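What follows is a single structure, written as structure tokens, with notes after it.
The values are calculated or read from the model by the stated rules, or taken from the named source; none is laboratory data. These numbers come from a predicted model, not from an experiment. Virtual Cβ from ideal backbone geometry, glycine too; neighbours counted across all protein chains shown.
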Amino acid sequence: DELKEACRKMDLNVIRLSHCQKEIFCFSVPEACPSCGEELRGSRLQEAPVSLPSPLSNGHKTSCCLLVAPAHDNHNR
């Protein structure tokens, strides 16, 4: 269910890592770089991945927020 998955991701920290001269933000370290496709597991990164607090929150429980929704297949909004 999409709602449960979105709620689960709100509780996750974001991981920032540097590779191929780019900053990559994800919820877990990917097996391959999403930019260049090089395998990341077991390879040397430019610097250690850093865990950042999640920027996502429940918009219904926040006094001021920016809501982001997909542009395609968004008939319910």
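If the Cβ limit is 6 Å and pairs must be 6+ apart or interchain, which residue in the stretch 25-41 that is closer than 19 Å to Asn13 by Cα and at pLDDT below 85 pairs with which residue that is assigned to a loop (DSSP other than H, G, I, E, B) and among the aliphatic types (A, V, I, L, M)?
Filtered contacts from the stretch 25-41: Phe27/Leu12.
Is at least one residue of the stretch 42-50 in a loop (DSSP other than H, G, I, E, B), farther than 17 Å from Arg16 by Cα, at pLDDT below 75 and not small (Gly, Ala, Ser)?
No, the conditions are met nowhere in the stretch 42-50.
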